[in-house]
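The values are calculated or read from the model by the stated rules, or taken from the named source; none is laboratory data. No experiment lies behind these values; they were computed from the predicted model shown. Cβ sites come from the backbone with ideal geometry, for glycine too, and all protein chains shown count toward neighbours. What goes into the accessible areas is simple: the full protein's heavy atoms, side chains included, and nothing from ligands, DNA or RNA. Shrake-Rupley method; radii C 1.70, N 1.55, O 1.52, S 1.80 Å.
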Amino acid sequence: MRHGDPGFTVYVDGEIRKFTGRSNAIQLDGSDGAVEIFDDESGTRLAAIQLFEPEDVLNDPWTSDVEVPSGGHLTYTLGAEGNPPRLVLSVRHEAQASIAPSTSPEPKRQARPLWARRVAFAACILLMLGTTTVSIVRYDQLIHDLGWDEPFAVRFAAVDRRVLQVNVTVNRNVIREVFIDWGDSTNPDPAPDGIRIYPSPDAKRYRRTFVISARHEYPPVSGEGVSATARVRLVPFALPRTRPETLTEDKLHHTQAVLVTTDGIILDPPQARLRVAAPEPQAIVSTATELTVEMSAIRAPVHVFGADATNPLTYRYLGSIPPPAPGKKSREAHVVDTSGLGAKGSFKLVLVSTSLLAPVPAQEFPWQDIPRAAPRAEIELRHAGAILEPEPDAAVSGIDTVRAVASIRGQYASVIVHPVREGRFWVQNAPLPALEFAEFRVAARFGGRDQYEVWVALAADPTLLPEGAVLEQRPLADSAGRPVYWLGPVFVHLE
Amino acid sequence: MSAFRLLRPSVGLALCAVFLALPAQGADAGKKNGPVLLSPSDGDRIPRPEVDANCPTGQACRKIFVIGRVAAGQTPFLAVTPLGASPQRIWIQPPIVATKPDGTFDGFVYLGTDREGVGEKFSIFVFGCPQKDRFKEADLLTELPIDCAVSPPVTVLRLR
């Protein structure tokens, strides 16, 4: 306690009321409500005083007293003075020494007997052992007295289109410092752990608490907006070895996820989710690969890239999917052309939702140029094989070579020519046993002037597609229900 | 007999001391031999003055050199996770060309792209793996590998 400092504070309706003159007396108005006295050192409430009518205490002042935890004794008296009478509260604080009775002369100091020294020694040991427990109890008591679960409170609010505000209320006896990191990528905080906002002259005091308010304006954004995480770090005063539950590291590090959009700041934005629901990973798919894509809280276009297992560091752009309407989920099927991928094994489709890229068809990107924090989904797939020749839009002669490779075992390969105008499917060869990743060639016969589709069918049943057969439509399974894998089509025309 | 009685407490104390010392030595040894990222340091801001001189002034600094160390017999891999990504993603970085006899190595890592990652924090790890082909560049992990020793993360802030 400082010299001249009364050691306690009187609050009237939540505001500090100073004493007048030298008598530690406070005049109260009839409109005053709650009167409380707090110990400055420990922060505990010493008394809550019920006000009387002035006439009731004019001739018979009401007096009470209380022990002060930090030491001493407090006597407070509610009386009335003047005409008309007005309530007066007077408070007297006496240090313990001054109120200790001293009626007898100080006895002579004598040597303590041996048993007394042993008891004193044992008491010292017990005192040391109990220190930790006592300090925890004191912290718990301190926090409990606040009437809160925590000795601090952190609240974020979006107060303008791009302005985020944080209000931090701290118990000044528990929290020593407060730091804020706004997580603004365009304007990182100058200190690695954020800006210190408490102690600060701007903090407003209210009883044992300080209220700190800080704001930050994020820069203009476009597209899907910018995600950020604002962090408040609270540093308590020295803690007992075993921390009170309310002051764990998790609770002292408060985070707030925000999404700054063109329309405003969204607190706790829903987590963006991007998922390929079908096909299953490692599925065998056709070159016109159908993907069922689930999107939730996706705000930017979803770009689909393909990466071959033989060259996983290069991503080839295959197409884009528009995001669902804001706040909507979607589950839609999309087809992407994966021809050219997986000729010698599996390939990976990578879906990334970002507006930081504006790719063009077939553009290739090194893996490190693909945004890494953007919503993303991946799936590894396989093709049953690939048609290597003819190339798309090639001009073919009446009889020309079809060259292909199968990526799966145990299949029989048939080349099929489909004249677009004529409309049927012409099987060109007796089914060939296809070896895994081994090329095979078939001479295919093209008819009159037409546009043609070249297909290769891989079937487990060697009798399903006999040479010379003409089909109205492509079979997707054999009689045993096993799938028929179709490679193609490759569009060609007669030269 | 009396000499044994005199020695017995000393022997007990010595055994206790040895017993207590053993785990401490083991812990020290593990700490010393585990993979570790020596540079950059935790809390560094990228680009680091004098160190990241390869980052042109005023342009994005997404590729930085790092120095690490692994124990003998371990193959080092570098991995980076952007703290802003959710769920967590750990990217295997370009391979380490060679490891020096003392286990130290140089390499480089990517912290985002030219347009993504400025102002964001990235954690960098060193994995010390028994197999040389455990990871490939651009591999994407969702959790730290359990079959490799993993260094403590070093978190840096990319300023530009």
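Each chain gives up part of its surface: A and B jointly bury about 2100 Å² of accessible area, both sides summed, for a 1.4 Å probe. Can you list the aspartates and glutamates whose alpha carbon sits under 16 Å from that of residue B:121, skipping same-chain ones fewer than 8 residues off? Excluding near neighbours in sequence, the set is A:181, A:184, A:189, A:193, B:42, B:44.
Checking every one of the trypsin sites (Lys or Arg not before Pro) in the stretch A:404-495 against DSSP loop status and a limit of 11 other Cβ atoms within 10 Å picks out A:409, A:421, A:449. What residues does the stretch B:104-120 have that are buried by at least 10 Å² of accessible area in the full protein assembly compared to the chain on its own, 1.4 angstrom probe? Buried on complex formation: B:110, B:112, B:113, B:115, B:116, B:118, B:119, B:120.
The 3J(HN,Hα) values that the Karplus relation (6.51, -1.76, 1.60; θ = phi - 60°) gives for the stretch A:178-186 are, in residue order, 9, 10, 10, 10, 7, x, 7, 5, 8 Hz. Gly and Pro appear as x. In this rough spin-label picture, where each label sits 7 Å from Cα along the Cβ direction, the residue A:282-residue A:186 distance is 4.7 nm. Summing +1 for each Lys or Arg and -1 for each Asp or Glu among the other residues whose beta-carbon sits under 15 angstrom from that of residue A:475 gives 0.
Diffusion coefficient (Stokes-Einstein, Kirkwood radius over C-alpha pairs, 37 °C, 0.692 mPa s) for the stretch B:54-146: 235 µm²/s, rounded to a whole number. One decimal place: the segment residue A:395-residue A:250 gains 45.4 nm when fully extended, by the rule 0.36 nm per residue minus the C-alpha distance. Remark on the stretch B:65-99: accessible area falls by at least 30 square angstrom from chain-alone to full-complex state for B:86, B:89, B:91, probe 1.4 angstrom. Taking 0.36 nm per residue of separation and subtracting the current Cα-Cα distance, fully stretching the chain between residue A:408 and residue A:158 would add 84.3 nm. Rolling a 1.4 Å probe over the protein chains gives residue B:143 an accessible area of about 130 Å². Taken per residue, the accessible surface of the stretch A:378-442 reaches 46 Å², heavy atoms only and a 1.4 Å probe. Given R0 = 22 Å, the distance between the Cβ atoms of residue A:309 and residue A:478 translates into a calculated FRET efficiency of 0.15. Once both labels are positioned 7 Å from their Cα atoms along Cα-to-Cβ, the gap between residue A:388 and residue A:75 label points is 10.8 nm. Computed on the Cα atoms alone, the convex hull of the stretch A:360-487 gives a volume of 159 cubic angstrom per residue. Shown in residue order for the stretch B:93-106 are the 3J(HN,Hα) couplings computed by the Karplus curve 6.51 cos²θ - 1.76 cosθ + 1.60 at θ = phi - 60°: 9, x, x, 7, 6, 8, 10, 6, x, 8, x, 7, 8, 10 Hz (x for Gly and Pro). Stretching the chain fully between residue A:63 and residue A:17 yields a gain of 14.6 nm (0.36 nm per residue, less the alpha carbon separation).
For the stretch A:273-383, what does the alpha-carbon gyration tensor say about shape, rounded, prolate or oblate, given a ≥ b ≥ c as the root eigenvalues, a/c under 1.5 as rounded, and a/b over b/c as prolate? Oblate. Suppose R0 equals 45 Å. What FRET efficiency, 1/(1 + (r/R0)^6) with r the Cβ-Cβ distance, do residue A:435 and residue B:89 give to the nearest 0.05? Calculated transfer efficiency: 0.70.
Residues of the stretch A:350-382 that lose at least 30 Å² of accessible area (1.4 Å probe, protein heavy atoms only) when the other protein chains are present, relative to their chain alone, are A:356, A:367, A:368, A:369, A:372, A:373, A:376. Pairs from the table (A:204/A:251; A:348/B:132; A:328/B:63; A:344/B:100; B:63/B:100) lying more than 31 angstrom apart at Cα are A:328/B:63; A:344/B:100.
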